[in-house]
Every structure is written in C-alpha cells, then in structure tokens.
Amino acid sequence: MLISYHGHAVVKIETNGKTLLIDPFITGNSLTDLKVDEVKPDYILLTHGHADHIGDTVQLARENNALVIATPEIATFLGWQGVENCHGMNIGGSYEFEFGKVKMTQAFHSTGYEIGNKEIIYLGMPAGLLITIEGKTIYHAGDTSLFGDMKLIGDRHPIDLAFLPIGDNFTMGPEDAAYAAELLGAKTVVPIHYNTFPVIKQDPQKFVDMLPEGKGIVLNPGDSIEF
Ligand code: NI
Ligand code: MN
C-alpha cells in the first residue's frame, strides 16, 4: 500500500490496484502536485462539506465513475450535481468496502457549502475517517479541534498512521495537535491542513519536534509512505 500527501487535506491511498482519494481539493489548492485530469480515483472519501475538502469531487467522481463515501447530506448534495455513485455513512458507523473498512468518527468543526445568492447549504456533521486496509489503520482527522474522545478513538482502534490538521485558526494548531497525537496513541503522525492560506501558516517541523522522537513525519506534496 502506498499512502501519499498532496497538500492541504488531500491524501491518496493506493492498494491492490485501487486508488482512494481523501478530500480532493485540487483546483485552487496552490500546494498540490495533483492534476484533476491525471488522478484517477476509484473511491473518493470526504470528511466534510467545506469547499476546501469537497474540492473537485463532482468532476472526479463523474469522469472516473468513482464511488463517493460521505455523510448522507453530502451524498444527497452531490447527487443533485449528477454524482449518482455515493455511499452515505454517519458518525460511529463503519462499513466493509472491497478495499477495506471505513469508520466515520466525530470531528468538532462546521460544514456548509456556499452556492451563491448569499445562500449556504448545511451539509451535516463534519467527520474524521478511520480506514483499515491490509491490516493497517489510517486515521484522517478531517478539520477538527482537539477533543477528549480522541483517547477513546485510539483505545478502540490502534492507529498506525494519523493525519492531523495543524494549521490553527480553522482547526487545531500545532500544540493541540501534538496533544491529540498523544491521546490517539498513533504510531506515526503526519501534519496536514497548513500553509495553504496565510491564516494557516505553520512550520510543520516545529510540530514534529513537539512529538516523541521518530513519531512525526513531514510529507511534502507528492511524498509518500510505503506500508
Ligand atoms: Ni473545514
Ligand atoms: Mn478545511
């Protein structure tokens, strides 16, 4: 399995000939190395409905006939835009897909999508994702604050690799994310959701330096981890 980071909250997992893409914000993401017409996802997994996470989902799902895994509200919203192939899930629920298992976890954040005319469509609860593939568990926290039940998530699901937001302003900052890493008990931690916009500018190495030695890894866009 090959797991790669592509700027902001974009994570790609390649397993058994299938490509999973999490929060595919490509157009408008100044940090990403991906191109919408080059990446060919079989599955798209979404943490929540903000534009910097839904990103290019509609185009990618349509062009690749990808299955979109998201909350029911987002699945319905995408259905209105011609994305028929959606699997709705909700917090606390898990489902066994062909590639492996996905469990949706809580996240403390908001969700809504601006559709113009000063209208915001509410898109349900934000989530985190626990993905178990080839015997390894990967946690993508989505956008969230620090919360105490990260301990519960870590106790119930030994985490091999965690992607945690460190940008601050919209999510946890580096100090809270370092505490989150401890609560989760994740073996390896990769910082995400920073430097895309001026208000979330951070030094990811400083975050890694707050973690026990060898636990944190900074992945630049395009870098990957082989599991
Ligand atoms: Ni968000
Ligand atoms: Mn975000």
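Entry comment: accessible area of region 63-159 is 49 Å² per residue, from protein heavy atoms only and a probe of 1.4 Å. Backbone geometry of region 195-207 corresponds, through the Karplus equation with coefficients 6.51, -1.76 and 1.60 at θ = phi - 60°, to 3J(HN,Hα) couplings of 6, 6, 10, x, 6, 10, 6, 8, 9, x, 5, 4, 5 Hz, x marking Gly and Pro.
Work out the charge dipole of the chain with +1 on the Cβ of Lys and Arg and -1 on the Cβ of Asp and Glu about the Cα centre, then indicate which of GLN59, GLY82, GLN202 is farthest towards its positive end. Towards the positive end, the residue furthest out is GLY82. Scanning the chain for GluC sites (Glu not before Pro) in DSSP loops with at most 16 neighbouring Cβ atoms within 10 Å leaves 135-212 as the longest stretch between them.
Given a 1.4 angstrom probe, I'd like the percentage of the accessible area of the chain that is carbon and sulfur, rounded to a whole number.
48
Expressed to the nearest 5 percent, the antiparallel share of DSSP beta bridges inside the chain is 60 percent.
Summarising the overall dimensions of the chain from its C-alpha atoms, the Rg and Dmax are 16.0, 50 angstrom. Here's the picture: charge each Lys and Arg Cβ at +1 and each Asp and Glu Cβ at -1 in the chain, and of GLY167, ALA70, GLY7 the one pushed furthest to the positive end of that dipole is ALA70. Given LYS12/LYS40; LYS151/LYS187; LYS103/LYS136; LYS101/LYS151, which pairs have Cα atoms separated by over 18 Å? LYS101/LYS151, as the Cα separations exceed 18 Å there.
Here region 1-77 is treated as an ellipsoid with the same Cα gyration tensor; its semi-axes, largest first and in whole Å, are 17, 15, 11. Within the chain, what's the longest stretch lacking trypsin sites (Lys or Arg not before Pro) that sit in DSSP loops with no more than 15 other Cβ atoms inside 10 Å? With trypsin sites (Lys or Arg not before Pro) excluded where exposed in loops, the chain gives 36-117 as its longest stretch. Only Cα pairs under 8 Å and at least 6 apart count here; give the relative contact order of region 2-219 as a rounded whole percent. Averaging sequence separation for qualifying contacts and normalising by length gives 14 percent for region 2-219. Compute the whole-percent fraction of alpha carbon pairs in region 119-227 spaced more than 15 Å apart. Distances greater than 15 Å cover 63 percent of the Cα pairs.
Note on ILE26: accessible area is roughly 10 Å² with a 1.4 Å probe, heavy atoms of protein only. Projecting the Cα positions of ILE26, ILE121, ALA180 onto the charge dipole of the chain (unit charges on Cβ atoms of Lys, Arg, Asp and Glu, taken about the Cα centre) puts ALA180 furthest along the positive direction.
Mind ranking THR105, THR188 by accessible surface for me, highest first, 1.4 Å probe?
THR188, THR105
Measuring from a point 7 Å past the Cα of GLU98 along Cα-to-C-beta, which residues in region 53-76 have an amide N at less than 12 Å? Residues 66-67 fall inside that zone. Computed about the Cα centre, the dipole magnitude for the chain is approximately 240 debye when only Lys and Arg (+1) and Asp and Glu (-1) carry charge, each at its Cβ. Put simply, the amide H of ILE44, placed in the peptide plane, has neighbours under 5 Å in LEU21, LEU67, VAL68, ILE69, leaving out anything fewer than 5 places away on its chain.
The values are calculated or read from the model by the stated rules, or taken from the named source; none is laboratory data. Predicted, not measured: the structure shown is a model, and the values here were computed from it. So basically every Cβ, Gly included, is an ideal-geometry build from the backbone, and we count neighbours across all protein chains shown. All accessible areas refer to the heavy atoms of the entire protein, side chains included, with ligands and DNA or RNA removed. Shrake-Rupley method; radii C 1.70, N 1.55, O 1.52, S 1.80 Å.
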